[in-house]
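The values are calculated or read from the model by the stated rules, or taken from the named source; none is laboratory data. If you're wondering where the values come from, they're calculated on a predicted model, not measured in any experiment. Here the Cβ positions follow ideal geometry from the backbone for every residue, glycine too, while neighbour counts run over all protein chains shown. Surface accessibility is based on the protein's heavy atoms, side chains included, excluding ligands, DNA and RNA. Shrake-Rupley method; radii C 1.70, N 1.55, O 1.52, S 1.80 Å.
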Amino acid sequence: MFDSLRRLFSDLGEGDRPGVRGADYLYRVSAAAVLMHAAAIDGSISDAEREKLHGLIMQRFNLDDAAADELIAEATKAEQRAVDLYSFTAKLNRALDDAGRARIVEMMWQIAYTDDVITEFEDNLIWRAADLLCVPQTERIALRERVAASRETKAQS
């Protein structure tokens, strides 16, 4: 038991380098778990959704491929064990400011729009997550519209 605690505290104190479990590791797992849930909510994760998730996590947390894969694996385990979104959104609320929480909702929309079809499950999940993250309805809608417009612009290019 003491070895487990020592390992936990050691992991938490190792800084913010890619691939290392730093002080913000639990926040990162929570963010990745919410994004993983958004990718899986419609029953399966497509290759395009998996790539989008990986890319967003690499970009958001400044990680290399291996570190992003490790974080996604940890987030997948956490998401499968979770009974609700609250355990993740509570950590995100403590770790992020308003802009950071809105960014999580925006990334959820980006994952949902990967296949250009928003299911009622995806819409409901993002609505609930935005509510738990204290992102106002008007901002959630604006984020959705911005992501949708960005997808349309890329499709026309």
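With a 1.4 Å probe and all protein chains kept in place, how much accessible area does Thr153 have, in Å² rounded to the nearest 10?
80
Relative contact order for region 70-157 using alpha-carbon pairs under 8 Å, separation at least 6, rounded to a whole percent?
34
On a 1.4 Å probe surface of the protein chains, which of Arg28, Arg81 comes out largest in accessible area, and what is the full order?
I get Arg81, Arg28, largest accessible area first.
Sort Lys91, Lys154 by accessible area with a 1.4 Å probe, largest first.
Lys154, Lys91
Work out, in µm²/s and without decimals, the Stokes-Einstein translational diffusion coefficient of region 37-157 at 25 °C, 0.890 mPa s, Rh from Kirkwood over C-alpha pairs.
165
Once the dipole of region 46-149 is set up with Lys and Arg at +1 and Asp and Glu at -1 on Cβ about the Cα centre, which of Val135, Thr119, Val147 lies farthest towards its positive end?
Result: Val135, furthest along the dipole toward the positive end.
I'd like the FRET efficiency for Asp64 and Cys134, computed as 1/(1 + (r/R0)^6) with the beta carbon distance as r and R0 of 30 Å, rounded to 0.05.
The computed FRET efficiency comes out at 0.40.
Give the accessible area for Ser150 in Å² (nearest 10); use a 1.4 Å probe, count only protein heavy atoms, and leave out ligands, DNA and RNA.
Rounded to the nearest 10, that gives 50 Å².
Leaving ligands, DNA and RNA out of it, rank Ile41, Ile57 by accessible area with a 1.4 Å probe, largest first.
Per-residue accessible area, sorted high to low, gives Ile41, Ile57.
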